[in-house]
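Participant: Below is one structure. I have some questions about it.
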Amino acid sequence: MIPTSAAPVKTAGRQYLVEFSIALGLLVLAVLARPWLLDNTGNETPAVLIKLMPAVPVWLMFWAVWRHYRRIDEFEQLKLLKTIAVAFGVGSCLVVTYSFLEDAGLPPLAITWAWPTLAACWGLTAAIMRIADK
Amino acid sequence: MRNSLPALRAEHGFTQAQLADALNVSRQTVNAIETGRYDPSLPLAFTIAKVFNKQIEEIFSPEA
C-alpha cells in the first residue's frame with residue numbers, strides 16, 4: 001500500500017472556500033453597516049475610517065487567495081497564475097477600451113468598478129480554462 | 001516528456017487518487033502528468049520515483 005502522507009492539498013479547496021466566504025461576508029457586512037455608522041457615530045470616529053472599513057475584508061480576500069496559492073500543488077499553482085495573468089490582461093484591456101469610449105461620450109465610471117471588473121474577468125477566465133482543460 | 005506512470009500505477013494497483021495522496025498533489029495533477037499535459041518539477045519527479053522505488057530516468061524519458 002502506498003504510504004499516505006499528510007495531505008493539505010486535499011483540503012485546500014475547502015479551506016479556501018471557508019476563508020474566502022468569511023472575507024466576502026465581512027465585506028457585505030461592512031458595506032451594509034457603513035451608512036448606518038456614518039449616520040450614528042459621533043465625531044470621535046473619523047468618517048474616513050468608517051468609509052475605509054470595507055477595504056479591510058477586501059485585503060482579507062486577497063490574503064485568502066494567497067493562502068490558497070501556498071497550499072495547492074505546483075500544477076494547480078500554474079493554472080491559478082495563468083488564470084490571473086489572462087484575467088489581468090483582459091481586465092486591463094477592458095478598462096483602457098472603456099476609457100476611450102468615455103472620450104466618445106459614454107458616462108465616466110467610478111474606480112470602484114475596477115475591482116468587480118477584474119473579479120468578473122477572473123471568474124470568466126477560470127470557467128473557460130476549466131472547460132478547455134476537460 | 002514521456003512517462004510510464006500509468007503502467008507503473010497499474011502495476012502497483014494504485015488509483016490516481018491514492019497516488020495523488022502519496023505525492024501530496026491533487027488527482028487532477030496526477031491525471032495531467034499521466035496524459036502528458038504537464039511535466040512535473042524535478043522535486044515532484046524525485047518524489048514520484050521514490051514512491052515507485054525507481055530512478056527518474058526509468059519513469060520519465062525525453063519525447064522521441
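Each reported figure results from applying straightforward, stated rules to the coordinates on display, with no laboratory input. Since this is a predicted model, take the numbers as computed values, not measurements. All Cβ positions, glycine included, derive from the backbone under ideal geometry; neighbour counts span all protein chains shown.
Participant: Given the DSSP H assignment, sum -39500 (n - 2.57) over each helix run of at least 4 residues in chain B and divide by its residue total; what's the result at 222 nm in deg cm²/dmol, nearest 500?
Facilitator: The helix-only estimate for chain B comes to -15500 deg cm²/dmol at 222 nm.
Participant: For peptide B:20-33, how many partner chain Cβ atoms fall within 10 Å of a residue's Cβ, on average?
Facilitator: 5
Participant: Can you sort A:Trp63, A:Trp113 from fewest to most other Cβ atoms within 10 Å of each residue's own Cβ?
Facilitator: With the sparsest Cβ surroundings first, the list reads A:Trp113, A:Trp63.
Participant: So what are the three principal axis dimensions of chain A from its Cα atoms, in whole Å, longest to shortest?
Facilitator: 66, 44, 17
Participant: Roughly how far apart, in whole Å, are the Cα centres of the stretch A:97-125 and the stretch B:9-64?
Facilitator: The stretch A:97-125 and the stretch B:9-64 have Cα centres separated by 43 Å.
Participant: In square nanometres, what is one fourth of the surface area of the convex hull spanned by the alpha carbons of chain B?
Facilitator: Averaged projected area of chain B's Cα convex hull equals 3.8 nm².
Participant: Just want the ordering: A:Met61, A:Met129, from fewest to most Cβ atoms lying within 10 Å of their own Cβ.
Facilitator: A:Met129, A:Met61
Participant: Quickly estimate the mean residue ellipticity at 222 nm for chain A, helices only: each DSSP H run with n ≥ 4 gives -39500 (n - 2.57), and the total goes over all residues, rounded to 500.
Facilitator: Theoretical 222 nm ellipticity from helices: -27500 deg cm²/dmol.
Participant: Return the distance in nm (one decimal) between the two label points of a simple spin-label model at A:Arg130 and A:Tyr98, each offset 7 Å from Cα along Cα→Cβ.
Facilitator: Taking the two extended label points, one gets 2.4 nm.
Participant: Would you mind telling me which residue in A:Trp36, A:Trp59, A:Trp115 has the biggest mean-square fluctuation in a Gaussian network model of chain A, where springs connect alpha carbons within a distance under 10 angstrom?
Facilitator: Maximum among the listed residues: A:Trp36.
Participant: A follow-up question, please. Could you list, in their original order, any pairs among A:Lys82/A:Lys134; A:Lys51/A:Lys79; A:Lys82/B:Lys54; A:Lys134/B:Lys50; A:Lys10/A:Lys134 whose Cα atoms are separated by more than 26 Å?
Facilitator: A:Lys51/A:Lys79; A:Lys82/B:Lys54; A:Lys134/B:Lys50
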